[in-house]
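Notes to accompany the following structure.
The values are calculated or read from the model by the stated rules, or taken from the named source; none is laboratory data. These figures come from a predicted structure and were not determined experimentally. Positions of Cβ are generated from backbone atoms using ideal geometry, with glycine treated the same way; all protein chains shown enter the neighbour counts. Note: accessible area is taken over every heavy atom of the protein model, side chains too, but ligands, DNA and RNA are not part of it. Shrake-Rupley method; radii C 1.70, N 1.55, O 1.52, S 1.80 Å.
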Amino acid sequence: MDIASTLDWLQQTGLAVQIRDSLFTFPLLEGVHVIGLALVFGTIAIVDLRLLGMASTSRSFQRLAADTLKWTWAAFAVTALTGVLMFITNAAVYFHNAYFRAKVVLLVVAALNVLLFELTAGRTVKQWDRAPAAPPLGRAIAAVSLVVWVGVIVTGRMIGFTATRAAAAAPAPVDTNFEDLLGLPAPGDAPTPEP
Amino acid sequence: MKQFALWLSTTAPSVFIQEHNAWTIPAIQSVHIVGIALVMGSVLMIDLRILGWAWVDQTLRQTVDRFGPWLTGSLWLLLATGILMVVGEPVRELITFSFWLKMALVAVGALVAVLFQRALRRHDQHWEDHFASQPSIKAFAIVTFLVWAFVIVLGRLIAYDYVWGSWSPAARQ
């Protein structure tokens with residue numbers, strides 16, 4: 001199967017149709033997605049700021065990481081699951097959206113960044129576990145992590161402004177905000193919400 | 001409220017945000033999301049400490065000293081960016097049920113955050129020795145976390161206020 005037919009198949013699955021047909025499921029998925037990403041960023045920031053020597057500097061890095069990162073992973077699982085469920089409702093549009101692609105690239109960079117940490121500063125953690133900050137490369141990785149995750153948030157938010165089903169059906173001027181208004185009053189009848 | 005929202009939308013700051021909404025709105029919203037992420041991370045860690053699931057090598061006081069200022073600072077950031085969003089899109093924000101329910105819960109969450117930190121700093125030994133281990137305080141920690149999670153969902157629902165049916169003021173107009 002090529003990409004186009006895979007995307008089409010995803011959109012036609014019973015699950016995708018169910019989410020699309022419900023007025024409530026997609027907004028709730030978005031809400032849970034934001035809870036998840038807030039916990040991902042909020043917990044990663046704790047680890048990154050410790051690496052940078054900007055917070056929790058007197059606490060063992062390994063203990064801090066053990067207390068924190070399991071929640072990051074749990075929250076990431078929730079965020080990824082809700083993200084996939086939103087993606088399949090409109091797979092072809094999201095797949096071709098520039099912000100969606102940028103977000104995926106940033107997520108890959110974030111993953112490679114973690115891998116780089118494990119291969120470098122992570123290997124010598126016992127030497128600096130109690131130091132107020134990580135070695136220079138570890139600090140650089142932490143700074144990259146913070147920037148990349150803010151980038152994930154920004155690109156994620158931009159997807160909502162550029163890739164809703166309404167936007168796909170009728171391309172509007174670039175500076176227009178869109179809303180996914182399945183069967184809702186037309187703009188003008190009600191305050192026009194956007195994603 | 002509708003009159004106020006319409007008036008607000010004609011003010012200079014509002015007009016500026018509207019005229020540049022291609023970048024102002026996403027930028028403000030993104031900072032707002034970073035703010036709520038810092039709140040959630042801080043609340044999670046303080047609550048995990050109260051539950052005894054993390055930071056157990058630190059006292060409650062040490063944990064609150066680490067995360068309390070970030071929590072309070074992030075709440076100010078959220079207030080600032082939140083005000084900008086209301087100024088930029090007054091009708092979209094103010095004429096919704098989701099927004100006002102969210103504000104009520106934010107008031108509860110912020111009040112708890114401030115009063116808890118103040119009480120702990122004043123009587124920290126009493127909290128370590130007696131309060132923190134009580135089931136009611138642990139339950140309160142979980143409820144506080146859920147309040148903030150619900151605040152996030154309500155923030156998202158501002159864009160989908162129809163989910164409240166006739167409770168949504170937009171539905172009545």
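Over all distinct alpha-carbon pairs, what is the Kirkwood Rh of the range B:1-74 in angstrom? Intermediate values should be presented prior to the final figure.
On the way: mean 1/r = 0.0665 Å⁻¹.
For the range B:1-74, inverting the mean 1/r across all distinct Cα pairs yields 15.0 Å.
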> Using heavy-atom solvent-accessible surface (probe 1.4 Å) with all chains present, what is the largest-first order of B:47, A:8?
Replying inline: A:8, B:47
> From the residues B:48, B:18, B:106, which one has its Cα farthest along the dipole of the range B:15-106 in the positive direction, the dipole being from +1 and -1 charges on Cβ of Lys/Arg and Asp/Glu about the Cα centre?
Replying inline: B:48
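Using DSSP to call loops (not H, G, I, E or B), can you name the chymotrypsin sites (Phe, Trp or Tyr not before Pro) in the range A:17-61 whose Cβ has at most 15 other Cβ atoms within 10 angstrom? Kindly include the intermediate steps, with their values, before the conclusion.
Details: sites: A:24, A:41, A:61; in loops: A:24.
Hits after loop and neighbour filter: A:24.
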> Quick one: putting +1 on the C-beta of Lys and Arg, -1 on the C-beta of Asp and Glu, what dipole do you get for the range A:1-79 around its Cα centre, in Debye to the nearest 20?
Replying inline: 520 debye
>> Counting only protein heavy atoms and a 1.4 Å probe, tell me what percentage of the range B:1-130's accessible area is made up of carbon and sulfur.
In response: 71 percent
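Taking each pair of different alpha-carbon atoms in the range A:24-118 once, compute 1/r for the pair, average those values, and report the inverse of that mean as the Kirkwood hydrodynamic radius in Å to one decimal. Display every interim value, and only then the final one.
Numbers: mean 1/r = 0.0674 Å⁻¹.
Here the Kirkwood hydrodynamic radius works out to 14.8 Å.
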> For the protein assembly as shown, what number results from the quotient of the Cα radius of gyration and 2.2 N^0.38 Å?
Replying inline: 1.05
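Need one number: buried accessible surface between chains B and A, 1.4 Å probe, both sides summed, DNA, RNA and ligands left out, in Å² to 100.
Details: alone 9830 and 11220 Å², together 17380 Å².
In total, chains B and A hide about 3700 Å² from solvent.
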> Over its Cα atoms, what ratio of radius of gyration to 2.2 N^0.38 Å does the range B:88-173 give?
Replying inline: 1.45
> What figure in square angstrom, to the nearest 10, would you give for the accessible area of residue B:79 with a 1.4 Å probe?
Replying inline: 90 Å²
> How big is the range B:28-161 in terms of Cα radius of gyration and Dmax, in angstroms?
Replying inline: 15.9, 50
> How about the range A:121-166: which trypsin sites (Lys or Arg not before Pro) there lie in a loop by DSSP and see at most 15 other Cβ atoms within 10 Å?
Replying inline: A:130
> When Cβ neighbours within 10 Å are restricted to other protein chains, what is their mean count per residue of peptide B:23-32?
Replying inline: 4
> With every protein chain in place, what's the accessible area of residue B:124 (1.4 Å probe, Å², nearest 10)?
Replying inline: 40 Å²
> Of all the C-alpha pairs in the range A:118-160, what % are more than 14 Å from each other?
Replying inline: 58 percent
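Using the Cα centre of the protein assembly as shown as the reference point, and only Cβ charges (+1 on K/R, -1 on D/E), how large is the resulting charge dipole? Debye, rounded to the nearest 20.
On the way: 25 positive and 23 negative charges, 204 e Å.
Computed about the Cα centre, the dipole is about 980 debye.
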> How much solvent-accessible surface does residue B:19 expose, in Å² to the nearest 10, with a 1.4 Å probe and all protein chains in place?
Replying inline: 130 Å²
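Counting only protein chains, not ligands or nucleic acids, how are A:22, A:60, B:136 ordered by accessible area (probe 1.4 Å), most first?
Values: A:22 30, A:60 5, B:136 75 Å².
Sorted by accessible area, descending: B:136, A:22, A:60.
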